[in-house]
Structure formats: C-alpha cells, structure tokens
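Heads up: the structure comes next, in structure tokens.
Nothing in this text is a laboratory measurement; each read-out follows from the coordinates by a stated rule. Predicted model only: the values in this text are computed from it and were never measured. Every residue, glycine as well, gets a Cβ built from its backbone with ideal geometry; the counts of neighbours run over all protein chains shown.
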Amino acid sequence: MQPLHLYNTLSRKKELFEPLNAPYVGMYVCGPTVYNYVHLGNVRTFLTFDTLYRYLTFIGYKVRYVRNLTDVGHLVGDGDEGEDKIGRMAKLEKVEPMEIVQRFTNDFHTVMAQFNTFPPSIEPTATGHMVEQIEAVQALLSKELAYESNGSVYFDIETYNQRGGNYGKLSGRILEDLLNDTRELDGQSEKRNPLDFAIWKRAAPEHIMRWNSPWGEGFPGWHLECTCMSTKYLGKQFDIHGGGMDLKFPHHECEIAQGDGLTGHDPVRYWMHSNMLTVNGQKMSKSLGNSFLPSELFAGSHYLLEQAYSPMTVRFFMLQSHYRSTLDFSNDALKAAQKGYRRLANGLRVIKSMSYKAGEGNEDETKQQDIRQAIQQFYEAMNDDLNTAVGIAQLFTLLKYINMLYLNQLQASVLGEEVFNLLKESFITFMQDVLGLKEEGTDNQPILEGLLTLYREYKDQRQYDKVDQIRSYFKAQGLAIKDMKHQIDWAYEE
Ligand SMILES: [Zn+2]
C-alpha cells in the first residue's frame with residue numbers, strides 16, 4: 001500500500017509524509033479570530049484538519065495539535081491599518097474586549113462540538129503570549145530584519161530577500177508584481193517598502209487593546225502571533241501547518257519569512273490549505289447575502305434552505321468532496337447528503353448490534369475479496385492526500401454487505417468469521433473514528449425499543465389505528481419503522 005502522501009502548497013505537489021520525529025507529529029492550524037460567529041467556510045477548514053488529526057492518530061502517530069485563538073491584532077481589512085476586529089466589536093457593544101472574545105470562543109467551541117470535532121491538544125491565545133511576541137520582535141530587530149518606525153515595528157522584506165529569503169514562495173507571487181500591485185495607503189509611509197508588514201503596532205489613542213513594550217504602548221501583528229504560538233509548542237521547525245486557502249497570502253507567507261528570519265530555516269515542512277465554499281456556484285460572502293452560519297443550517301432558517309440540516313449531514317457533505325476542491329453549497333446538494341449520511345448511519349446502527357453466527361452457507365471468495373478490497377481502498381484513498389471522497393465511496397461498498405446481512409439476504413457464514421469481523425470493525429472505525437461521523441438523535445433509544453414492542457403487540461391484535469399512531473410518532477422524529485419478514489426494527493428515515 002502507498003504510505004501517506006500529503007499535498008504541500010510550498011512544493012505544489014503531493015509528497016510522502018515523513019514526520020521530523022516519528023511517531024510524533026506537530027500540527028498547527030490557524031484558529032478563528034473570535035469577534036463574530038464562526039462561518040461555514042471556516043468550519044470546512046476545521047473539519048478538514050480534524051479529519052487529518054483523526055487519521056494521523058488512527059494510523060499510529062502521536063499528534064500534538066495546536067490551534068490558536070486570535071484575540072488581538074487581527075485588523076479590519078486583514079492588513080496593517082484600521083481597527084482591531086475585536087476592539088471594534090467591543091466599542092460597538094460597549095463591553096470589554098475580553099467579553100467579545102469569551103462569547104465567540106464559547107460559540108466556536110459549541111459549534112465545533114456539534115460537528116463532532118476533537119478539541120486541539122493546545123489552544124493558545126495571542127494575548128496569552130505577549131512576552132514571546134515582544135521577544136520575537138526584539139530578536140528580529142537585533143538581526144536587522146525589522147525596523148522601528150514611529151512606535152511600530154515592521155518586518156523588512158527587502159533585507160530578508162537580500163539575505164536569501166524568498167518572500168512570495170508559498171503563494172507563488174513575484175515580489176515585483178506585488179510591489180506594482182501595492183498602492184500607497186495612509187500610514188504606509190512609516191514603511192520603507194510598502195510590502196513590509198507590521199510585527200508590532202503602535203496603539204492609536206482610541207485603540208483599547210494595548211500593552212507596554214520597548215517601543216511604547218501597542219499590540220502584536222497578527223502574523224507574528226501564529227509564528228510565536230506555533231514554534232513555542234511545536235519547535236522551531238514542525239511538520240504540518242494548516243489553514244484556509246485565503247490565509248496563504250499574506251498571513252502564511254509572512255509566517256515563513258518571520259520563522260526563517262528568526263531561526264535561519266523554514267518553520268514548516270508541509271503547508272496544507274483547504275479550499276473555499278461556493279453557494280449555487282457563487283463565492284460565499286457576507287455582502288452577497290449567501291453566507292451561512294452553522295446555526296442557520298441547523299435551524300433551516302436561511303432563505304436559500306428548504307429545511308434544517310443536522311451537523312452530521314453537513315460534516316458528511318463536506319467530507320464527500322476532497323478538501324482541495326471548491327465545494328458548492330445548495331439545498332439540493334445538502335438534501336442528497338442527508339440521504340447518504342442516513343444510509344450510512346443506519347448501517348452503523350445495525351452492524352453494531354450484529355455478531356458472527358455460524359450457518360449453512362459456504363464461504364464465498366468473491367464477496368470476501370470485494371470486502372477486503374474496499375477496506376484496502378479506503379486506506380489508499382486516505383493516504384492519497386486525505387481523499388475522503390473516495391474513502392466514503394468505499395464505505396458504501398461495505399454498506400451493501402451490511403444491508404444484505406441485515407435483510408437476511410446473506411448469511412454471515414458466507415463471509416466467514418474473519419471477514420465478517422473485519423467488515424464490522426472497519427466500517428465502525430472508518431466512519432466513527434476516522435471520518436468523525438456519529439449517529440444522531442438516539443438519546444431516546446430505550447423509548448423507541450419500548451414503542452416497537454407495543455407496535456408488535458398492536459399489530460398482532462390488529463389495532464391498526466394504534467399501529468399508525470406509533471408510525472407517525474417515529475416519522476415525526478425522522479425515523480421509520482421497518483416492518484420486515486424476519487423482524488420489526490426502526491431506522492433513520494433516508
Ligand atoms: Zn495564523
């Protein structure tokens with residue numbers, strides 16, 4: 001089998017994944033700026049790296065997963081000028097900036113839990129690492145890779161490049177083109193070169209988030225935060241750095257320059273970026289009115305939606321496409337995903353309760369081979385740059401056999417004990433542990449079982465009005481009663 005390969009944005013090709021210190025893997029993902037509700041585009045990024053985290057762990061790596069919270073320094077417009085996104089919200093609402101941070105951190109954690117993502121191993125905040133950031137600014141100043149100007153400190157791109165740096169190598173941008181594209185903006189006169197970026201900013205009088213520094217009161221630059229928090233917990237060079245495609249430039253480009261400037265080598269081995277979401281073929285954006293909040297999906301309250309969709313439906317929907325492809329959101333696509341997810345969830349529910357029973361049927365090598373091959377191909381797909389789309393297709397092959405067993409169309413003995421157990425174990429672990437798809441809405445399982453007992457009794461007594469009542473109770477919960485020849489059971493309505 002092909003070992004794990006990951007697409008590295010830096011080399012623009014799939015590379016064999018070789019951690020610096022196997023079995024340990026260090027992975028950093030840029031977390032949210034906690035000034036607003038997390039939107040669906042961000043969710044896709046976090047689901048992608050949650051799945052990578054799960055898979056790496058599943059195949060035996062010991063992963064330290066660091067995902068930060070940006071609670072200061074990210075300015076409106078993503079550049080070096082303007083208000084702090086959190087400070088601005090705090091002013092608007094007349095509350096402490098940390099109240100904004102706390103509220104949206106709580107929301108973010110709730111949403112991440114709804115999508116069944118694992119919390120990271122460490123979740124550092126920018127405000128919690130002020131000392132490290134000031135030290136990094138001092139180090140860059142002493143190397144003359146940065147300069148102070150009017151209380152702010154800027155990274156000096158020209159000097160960095162003269163010393164062998166290659167600013168632009170991640171995003172494939174050419175310095176001269178960048179310079180031509182850069183217009184002079186207010187305040188940029190502080191910079192020697194319009195491309196230089198702030199690693200420390202002087203706080204204007206109206207700026208509420210401010211810290212003492214050798215350069216006066218100010219706050220750290222957004223790009224520097226991630227450099228300090230990633231290297232503090234993962235070392236000067238670490239394995240994987242992830243984020244959304246929109247962070248490639250300038251955020252990650254700047255992280256490379258800073259890390260390289262501080263230590264003399266690239267900070268990251270594998271740069272990974274997840275692609276954007278579109279809605280009915282258009283870019284998802286707040287100004288177009290087609291951006292979704294997770295809560296709107298769960299409530300079905302967005303005007304582009306005909307109904308509510310559960311977190312697992314959305315997770316399944318996102319994993320059905322490869323993380324480097326754009327993914328188009330539409331009501332129809334979600335509806336199809338709901339059906340697909342529920343079919344798998346039904347498979348998961350029934351296979352968990354099945355155990356091997358010896359029987360009459362002789363072992364069928366073709367079927368055994370088919371199952372072994374689907375399992376093998378699941379690994380192949382995941383090893384091929386985390387191709388969850390192809391992986392999920394293999395789950396449906398396994399599901400076909402689970403359903404045949406469930407419907408009594410296939411005897412377990414035809415698969416043989418070994419292959420039956422392999423089928424059961426693989427389906428459960430691939431779906432739950434690797435893809436993070438769990439069953440939803442089964443808290444009331446004992447009640448459902450009790451109602452099914454009543455259903456059977458009423459049916460025997462030919463009390464069909466009661467039978468129908470129970471059916472409609474199930475239906476109202478998105479469940480269906482399966483009245484089969486050999487048994488009566490319930491299932492998620494597909
Ligand atoms: Zn970052």
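Numbers for the structure displayed
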item	result
Paired Rg and Dmax values of region 391-482, which use every Cα atom, in angstrom	17.0, 47
Percent RCO, i.e. relative contact order, over the chain, from Cα pairs under 8 Å lying at least 6 residues apart	16
Rounded if a/c under 1.5, otherwise prolate or oblate - region 359-412, Cα gyration tensor axes	oblate
Residues whose placed amide H lies under 5 Å from that of LYS201, excluding near-sequence neighbours	VAL153, PHE219, GLY221
Region 200-272-region 105-134 distance, computed between alpha-carbon centres (Å)	16
Region 8-274 shape via C-alpha gyration tensor axes, a/c threshold 1.5	oblate
From phi via Karplus (6.51, -1.76, 1.60), per-residue ³J(HN,Hα) for region 309-319 in Hz, x at Gly/Pro	10, 7, x, 6, 4, 5, 4, 4, 4, 5, 6
Diffusion coefficient, µm² s⁻¹, Stokes-Einstein with Kirkwood Rh over alpha-carbon pairs of region 424-473 at 10 °C and 1.306 mPa s	121
Proportion of all alpha-carbon pairs of region 103-226 beyond 22 Å (%)	48
Normalised alpha carbon radius of gyration of the chain [divisor 2.2 N^0.38 Å]	1.15
Candidate aspartates and glutamates - alpha carbon under 17 Å from LYS352, same-chain residues fewer than 8 apart omitted	GLU417, GLU418, GLU425, ASP433, GLU439, GLU440, ASP443, GLU449, ASP489
Degrees between helix 365-383 axis and first principal axis of the chain (Cα, 0 to 90, nearest 10)	10
Reachable aspartates and glutamates, given that their alpha-carbon falls under 13 Å from the alpha-carbon of LYS400 and they are not under 8 places away in the same chain	ASP370
Residues whose placed amide H lies under 5 Å from that of PHE329, excluding near-sequence neighbours	THR278, VAL279, ASN280, GLY281
Prolate/oblate/rounded call for region 283-342, Cα gyration tensor, a/c under 1.5 rounded	oblate
Radius 12 Å from Cβ of THR70, net charge of other residues (Lys, Arg +1; Asp, Glu -1)	-3
Helix-only CD estimate at 222 nm, as mean residue ellipticity for the chain, using -39500 (n - 2.57) per DSSP H run (n ≥ 4)	-14000 deg cm²/dmol
Region 8-274: relative contact order in percent, alpha carbon pairs under 8 Å with at least 6 residues between	25
Out-of-range pairs (alpha-carbon distance over 18 Å; input LYS459/LYS485; LYS13/LYS62; LYS339/LYS438; LYS169/LYS248; LYS85/LYS283)	LYS13/LYS62; LYS85/LYS283
Karplus-derived HN-Hα couplings along region 83-90 (A = 6.51, B = -1.76, C = 1.60, θ = phi - 60°), whole Hz, x at Gly and Pro	7, 6, 4, 6, x, 5, 5, 4
Under 5 Å, built H, 5+ apart or other chain: amide partners of SER321	none
